[in-house]
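Just below is one structure, and these are the notes that go with it.
What follows is calculated from the coordinates using simple rules that are stated; it is not laboratory data. All values reported here derive from a predicted model rather than from experimental measurement. Please note: Cβ atoms are built from the backbone with ideal geometry, for glycine as well, and neighbour counts cover all protein chains shown.
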């Protein structure tokens with residue numbers, strides 16, 4: 001299976017019809033039908049890695065201040081205890097099994113557009129607070145065998161994500177606009193992705209002031225490292241939804257394979 005990194009942006013993308021949503025739909029149409037989906041979302045951080053292992057994960061509305069219609073969305077995809085155990089085995093028992101979480105908006109806001117029938121089992125893997133970016137990258141490599149079994153692995157975050165520096169011009173949050181430092185950071189990080197300089201991407205804090213502003217906290221950046229860790233030497237990478245929004249975010253996404 002290919003591997004995806006998705007810039008998920010605002011939760012409102014879950015209920016809107018816009019260029020980013022259409023980008024997700026177009027990518028989904030090019031993929032083989034997955035037997036299951038493993039999502040690494042920016043919105044589930046834990047002490048120690050966990051993987052959802054329930055039969056019916058709940059839809060988590062982990063945000064505030066949005067229209068009622070967004071809170072009414074339910075994404076009723078089944079879980080997969082079997083896949084959860086496979087993930088745990090693939091990671092050498094580095095992840096515990098979780099029965100409490102469910103699917104957060106980093107996951108379902110995208111998947112409800114890609115797989116609207118919610119008929120593909122979905123499992124989430126959390127981001128372990130205790131691991132360095134390099135350790136996350138190494139952990140992700142253990143997931144590679146799942147691709148051969150038809151599992152679609154999706155990292156969901158944003159490469160540039162600084163909510164404290166958001167600038168919304170007009171009524172459209174998704175209008176194309178990037179602050180100079182955000183555009184600089186995006187260009188730097190994309191070039192490193194293209195050149196497969198993964199060690200430098202993992203050591204992002206050393207990439208200068210623009211990148212430090214772009215990644216003030218790691219949770220939206222780390223899912224990208226999970227996707228890159230799964231790229232094989234002969235695999236192509238294609239960017240899509242490559243646009244800055246609200247000054248300090250980018251929706252940049254990519255497909256591997």
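Given the rule -39500 (n - 2.57) for each run of at least 4 DSSP H residues, summed and divided by the residues of the chain, what is its mean residue ellipticity at 222 nm, to the nearest 500 deg cm²/dmol? Don't jump to the answer; show the numbers that get you there.
Values: 10 runs with 83 residues, N = 257.
Result for the chain, helices only: -9000 deg cm²/dmol.
Treat the count of other C-beta atoms within 10 Å as a stand-in for reagent exposure and order 70, 125 from fewest to most. It would help to have the intermediate numbers written out before the result.
On the way: 70 19, 125 28.
By the 10 Å Cβ count, ascending: 70, 125.
Considering all alpha-carbon pairs of region 126-226, what whole percent are spaced by more than 25 angstrom? Working shown, then result.
Details: 1320 of 5050 pairs.
Roughly 26 percent, rounded to a whole number.
Given a cut-off of under 8 Å on Cα pairs at least six residues apart, what relative contact order in percent is computed for the chain?
Result for the chain is 31 percent.
Pick from 65, 247, 208 the residue whose mean-square fluctuation is largest in a GNM of the chain, springs joining Cα atoms under 10 Å.
Of 65, 247, 208, the Gaussian network model singles out 65 as fluctuating most.
How big is the Kirkwood radius of region 48-153, worked out from every pair of different alpha carbons and given in Å to one decimal?
Details: mean 1/r = 0.0683 Å⁻¹.
Answer for region 48-153: a Kirkwood hydrodynamic radius of 14.6 Å.
Kindly put 131, 112 in sequence by how many other C-beta atoms sit within 10 Å of each C-beta, fewest to most.
Result, fewest neighbours first: 131, 112.
Translational D (Stokes-Einstein, µm²/s) of region 3-256 at 37 °C and 0.692 mPa s when Rh comes from the Kirkwood sum over C-alpha pairs? Could you put the intermediate results ahead of the total?
Details: Rh = 18.1 Å.
Approximately 181 µm²/s, per Stokes-Einstein.
Report, in whole Å, the centroid distance computed from the Cα atoms of region 112-175 and region 235-257.
Measuring centre to centre over Cα atoms gives 12 Å.
Given region 36-184, what percent of its DSSP beta bridges are antiparallel, to the nearest 5? Could you put the intermediate results ahead of the total?
On the way: 1 of 17 bridges.
Given both bridge residues lie in region 36-184, the antiparallel proportion sits at roughly 5 percent.
Using a Gaussian network model on the chain with a 10 Å cutoff between Cα atoms, which of 219, 45, 117 fluctuates the most?
117
Rounded to the nearest 5, what is the percent of antiparallel bridges among the DSSP beta bridges in the chain?
On the way: 12 of 34 bridges.
Taking every DSSP beta bridge with both residues in the chain, the antiparallel ones total about 35 percent.
Order of 5, 20 from fewest to most other C-beta atoms within 10 Å?
On the way: 5 27, 20 24.
Sorted ascending by nearby Cβ count, the order is 20, 5.
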